[in-house]
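Asker: Just dropping this structure here.
The values are calculated or read from the model by the stated rules, or taken from the named source; none is laboratory data. As the structure is a computational prediction, the values presented were derived from the model and not from experiment. Every residue, glycine as well, gets a Cβ built from its backbone with ideal geometry; the counts of neighbours run over all protein chains shown.
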There are 2 protein chains.
Amino acid sequence: MNRQILVVEDEAPIREMITFVLEQNGFNTIEAEDFDQAKAKVVEPYPDLILLDWMLPGGSGVKLAKSLKQNEYTRSIPIIMLTARADEDDKVKGFDVGVDDYVTKPFSPKELIARIKAVIRRVSPTALEEAIEFHGMKLDPVAHRVSINDRNVDLGPTEFRLLHFFMTHTERVYSREQLLDNVWGTNVYVEDRTVDVHIRRLRKAIAGEGHEDFIQTVRGSGYRFSGKVKAGV
Amino acid sequence: MNRQILVVEDEAPIREMITFVLEQNGFNTIEAEDFDQAKAKVVEPYPDLILLDWMLPGGSGVKLAKSLKQNEYTRSIPIIMLTARADEDDKVKGFDVGVDDYVTKPFSPKELIARIKAVIRRVSPTALEEAIEFHGMKLDPVAHRVSINDRNVDLGPTEFRLLHFFMTHTERVYSREQLLDNVWGTNVYVEDRTVDVHIRRLRKAIAGEGHEDFIQTVRGSGYRFSGKVKAGV
DNA sequence: TAGACATGTCATAAAATTGTCACAAAAATT
DNA sequence: AATTTTTGTGACAATTTTATGACATGTCTA
């Protein structure tokens with residue numbers, strides 16, 4: 001599930017530091033040091049995310065962002081702006097062109113990674129083609145197959161999609177409506193409570209494997225998928 | 001989560017109209033009618049946004065804005081200017097001191113709310129999503145989860161909201177009525193003493209972790225959430 | 001076309017949450 | 001010390017929210 005990240009930054013030391021950190025964290029990187037190089041690298045296969053320096057020689061980062069966001073094919077690529085100063089104006093302008101987030105230099109590697117993951121999670125929740133693994137639970141979107149501790153689990157189509165969604169969106173509460181939107185699809189007219197029933201079916205299916213309570217009910221809010229279960233005393 | 005908005009406006013009727021509209025829309029309000037009052041109210045917990053009248057007795061709104069924007073601690077608070085005339089110069093001057101937006105009087109409630117939301121969205125796009133931490137106590141609004149020293153704590157919906165409010169409004173006494181307004185919602189008919197019961201439940205839930213007395217009773221006034229334990233009187 | 005699955009919706013059971021009380025405890029006043 | 005005011009607590013019944021089993025309908029396959 002390696003994501004490819006395009007790093008657009010003119011100062012070599014910073015760029016290298018960033019790519020180092022990214023690769024340490026399991027991302028693939030492509031580098032570009034100015035507007036033109038960047039433009040040239042935003043081609044198929046499109047990067048999964050772009051880290052874009054605010055100030056670039058030969059055309060500002062904002063200009064590039066704007067251009068990418070106006071193109072039909074590239075506009076869905078998430079962009080994170082790197083800005084040297086916490087200048088409010090910069091932020092505003094960045095957001096105006098549809099940038100997804102920004103990180104102010106200097107930033108910690110931890111923060112950078114966290115932001116990137118957050119954006120990816122937010123932007124391309126289901127795009128993964130590769131198998132997902134979570135606490136001994138494996139889901140292969142391509143083979144359309146689920147196993148827990150190497151034991152096969154049979155799921156109906158809806159339960160499969162539901163589990164898929166959950167496995168790509170852990171540690172977060174989703175309301176029944178959100179689940180309907182994400183798993184059933186928007187503009188589908190189905191009762192909220194139907195979610196309960198499918199949750200029940202999914203729970204039942206993965207029960208007996210000790211993974212039953214991975215799906216947690218958050219009263220008044222919805223459901224959450226998570227490995228952690230025990231509540232403190 | 002309820003945002004707190006400081007309304008700085010000298011004409012009482014207008015001010016009251018504004019606060020009414022804001023509260024109708026789920027915001028909490030603080031009022032100030034002149035420069036000094038406003039200054040005095042921009043203290044922790046800082047308001048999430050300031051609505052500032054252009055003309056103020058005893059020092060113009062611009063002066064206040066400038067002063068706030070030059071202070072390290074307050075400069076990140078977004079400010080929306082209320083101006084009586086659509087004077088381009090005013091706007092420019094306002095923006096020069098870093099004001100985030102302006103609304104020209106007379107304005108419709110709808111417009112006001114829209115502007116406020118836009119500014120909040122622009123300035124802190126992820127603020128609602130970020131986990132809050134306070135003395136080893138963590139509250140994650142997204143996962144809908146609370147932990148103390150990495151140990152999970154189970155809370156009912158109301159207790160969760162109550163704790164959330166407290167963690168975003170520490171070091172300050174809130175009356176039972178204010179808590180009802182903020183946590184239960186305005187125009188909800190519930191006994192004052194109900195707050196006591198929920199305080200009790202929350203205390204119980206976070207007890208045993210040494211965080212029990214983070215919620216302090218201020219006799220005759222209400223409750224306060226604070227890390228500091230009272231020493232003298 | 002029969003049979004095996006899947007799905008959405010109900011009705012009902014089961015749980016958890018909530019607001020109030022009544023009384024105890026603590027603090028402030030007389 | 002007695003009284004009054006304010007807050008802490010445990011219990012409880014009503015209400016709200018979830019869990020669950022059953023079922024009718026629709027789909028697909030053999």
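Asker: Restricting attention to the stretch A:203-219, and to residues there that are within 14 Å of chain B (Cβ to nearest Cβ) and more than 9 Å from DNA strand D (Cβ to nearest atom), which single residue is modelled with the lowest pLDDT? Before you say what the answer is, go through the steps one by one.
Answerer: Here is the first cut: in the stretch A:203-219, the residues within 14 Å of chain B (Cβ to nearest Cβ) are A:213-219.
Imposing the further condition that a residue be more than 9 Å from DNA strand D (Cβ to nearest atom) reduces the set to A:213-214.
On the way: A:D213: 81, A:F214: 90.
Residue satisfying both the conditions and the ranking: A:D213.
Asker: Sticking with this structure for a sec: Inspect the stretch B:174-182 for any residue being more than 14 Å from DNA strand C (Cβ to nearest atom) and within 14 Å of chain A (Cβ to nearest Cβ) and give the result as yes or no.
Answerer: No, the conditions are met nowhere in the stretch B:174-182.
Asker: I want to confirm something. Restricting to the stretch B:128-184 and keeping residues that are outside any strand (DSSP E or B) and polar (S, T, N, Q), which single residue is surrounded by the fewest Cβ atoms within 10 Å (Cβ to Cβ)?
Answerer: B:N149
Asker: For the stretch A:220-232, indicate whether the set of residues that are touching a strand residue (DSSP E or B) at 6+ places or on another chain (Cβ under 9 Å), at pLDDT 85 or above and away from chain B (no Cβ under 14 Å) is non-empty.
Answerer: no
Asker: For the stretch B:186-205, enumerate the residues that are more than 23 Å from B:E130 (Cβ to Cβ) and in contact (Cβ under 8 Å) with a residue 40 or more places away in the chain.
Answerer: Within the stretch B:186-205, the subset more than 23 Å from B:E130 (Cβ to Cβ) is B:186-201, B:203-204.
Across the stretch B:186-205, the qualifying residues are B:T186, B:H198, B:R201.
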